[in-house]
Amino acid sequence: MEFGVPLLNDTFWGKVDLSLAGRHARYSTAGDANTWKVGLTWDTPLPGVRLRSIMSRDIRAPNLSELFSPNQGLNGGINNTFLAGSPQQTVRQLNVGNPTLSPEKSQTTEIGIVFQPEFLPGFQTSIDYWRIGVKQVIQSLGLQTVFDQCFRGFTQFCTQDNITTANGVNVSAAATGAPGTANQIVSVQSRAFNAAVLLTDGFDWESSYQFDLQDWDVPGSFTLRSLVTHVSKFIVDDGIPGTQTSRELAGAVGGGGNSQTYNQSGGNVLNWKLNLVQSYQNDVWGINLTERWYSGGVFTNRNTLVCAVGTCPRPTVQTPTINYNKVSAVMYLDVGVNWNITEHTQLYTKVDNVANTMPPDTGGQNANNTLYDVIGRMYRVGVRFNN
């Protein structure tokens with residue numbers, strides 16, 4: 001259900017509108033969930049100035065894979081801390097679903113301003129601050145984390161549906177030598193559950209300017225666009241006792257292939273991202289340039305202590321050590337051209353990453369293909385048809 005409510009329309013104070021919305025959803029697997037939204041816009045008496053704000057409660061219901069994923073087995077390794085010397089053992093990792101999951105819940109707050117001046121037709125700029133908090137985030141634990149939690153005394157992680165042994169006897173967290181009468185560990189389950197919380201905020205700044213060149217007796221039009229995104233913080237708390245639960249991911253861009261944001265293993269989040277576009281188009285041909293700039297960062301923000309080799313203290317869970325922790329910024333240039341062969345046919349070509357810029361070193365064995373261009377210079381040629 002949604003309502004639009006006009007609150008004010010005055011020549012002196014301007015125009016104010018309120019929007020209200022509510023939604024009730026019932027999931028056969030996750031139960032009931034209520035969401036809502038409150039928004040306010042104010043066309044101020046200042047020409048071309050509009051203020052806007054919104055607050056909402058949102059959810060994400062668990063998907064079928066998280067709920068009912070069948071056992072997917074692969075080989076994994078653990079350090080068996082129950083045995084002297086914590087020897088490494090190869091066990092079966094089982095990725096399984098959890099039908100008792102509940103929806104993730106978030107609250108979003110946003111406030112912004114739009115400026116579209118009358119004295120500069122075709123120009124518009126807007127800046128919006130946003131803040132998003134999520135709780136009951138769905139995540140899965142790695143094998144070693146499950147095993148370590150059992151060793152630390154959290155016996156719910158020691159059951160057979162978490163750590164399976166050949167003779168069906170649970171691994172005991174109270175054991176100091178061999179784990180009780182339990183024998184060979186057969187498998188460790190990685191199961192999704194609601195535990196983590198997430199908090200992020202930042203701002204988006206978007207501007208555009210479009211104008212014709214007729215005043216200078218030049219055919220065609222020119223367009224400038226820019227989009228700046230800044231993430232000031234991206235804090236994830238796994239909620240796992242005995243671990244470094246709270247982690248700042250903003251600016252942590254380390255990782256290799258298939259790195260992610262917003263996942264149980266951390267992810268990568270840029271502090272700054274800038275996208276600029278300049279384009280010219282007339283009745284016959286057009287050209288556009290795009291610059292993509294990604295800020296630098298660090299391999300990891302996990303309270304890491306940077307120290308020279310040989311001088312580092314013994315690393316701990318809360319304070320790991322590293323001898324180098326810096327990732328360089330990078331910029332890509334893309335160029336596109338189009339040609340109208342006929343009224344209904346257009347030939348186009350585009351070259352991405354013209355300078356063949358390599359991705360920065362992010363500390364992984366492979367380049368980070370989530371944030372950066374790992375293909376290099378790429379060419380496209382095509383034809384568009386329209387009636």
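The values are calculated or read from the model by the stated rules, or taken from the named source; none is laboratory data. The structure displayed is predicted, hence computed values, not measured ones. Cβ sites come from the backbone with ideal geometry, for glycine too, and all protein chains shown count toward neighbours. All accessible areas refer to the heavy atoms of the entire protein, side chains included, with ligands and DNA or RNA removed. Shrake-Rupley method; radii C 1.70, N 1.55, O 1.52, S 1.80 Å.
The VAL335 and THR41 beta-carbon pair, evaluated with R₀ = 41 Å, returns a calculated FRET efficiency of approximately 0.60. Close amide H contacts of LEU249 (hydrogens built in the peptide plane, cut-off under 5 Å, sequence separation of 5 or more or a different chain): PHE234, ILE235, VAL236. With protein chains left intact and a 1.4 Å probe, residues in the chain average 56 Å² of accessible area per residue.
Where the centre of each part is set by its Cα atoms, how far does the range 21-38 sit from the range 205-229, in angstrom? Rounded to whole Å, the Cα centres lie 43 Å apart.
Bridges between two residues of the chain, per DSSP, are antiparallel at a rate of about 95%.
How large a share of the accessible area of the chain, in percent, is made up of carbon and sulfur atoms when the probe is 1.4 Å and the other protein chains stay in place? The C+S portion of the solvent-accessible surface of the chain is 56 percent. Here the sum of -39500 (n - 2.57) over DSSP H runs of 4 or more residues, divided by the residues of the chain, equals -1000 deg cm²/dmol at 222 nm, to the nearest 500. Our summary gives the chain a relative contact order of 10 percent, counting only alpha carbon pairs under 8 angstrom and 6 or more residues apart.
Computed extension length for ASN167-TYR348: 58.5 nm, one decimal, from 0.36 nm per residue of separation with the Cα-Cα distance subtracted. What is the list of residues in the range 293-337 whose amide nitrogen lies under 20 Å from a point 7 angstrom out from the Cα of ASN356, following Cα to Cβ? Residues 330-336 fall inside that zone.
Between ALA21 and LEU83, how high is the FRET efficiency from 1/(1 + (r/R0)^6) when r is the Cβ-Cβ distance and R₀ = 41 Å? Nearest 0.05. With a Förster radius of 41 Å, E is 0.10.
Counting only GluC sites (Glu not before Pro) that DSSP places in a loop and that have at most 10 other Cβ atoms within 10 Å, the longest clean stretch of the chain runs over 119-342.
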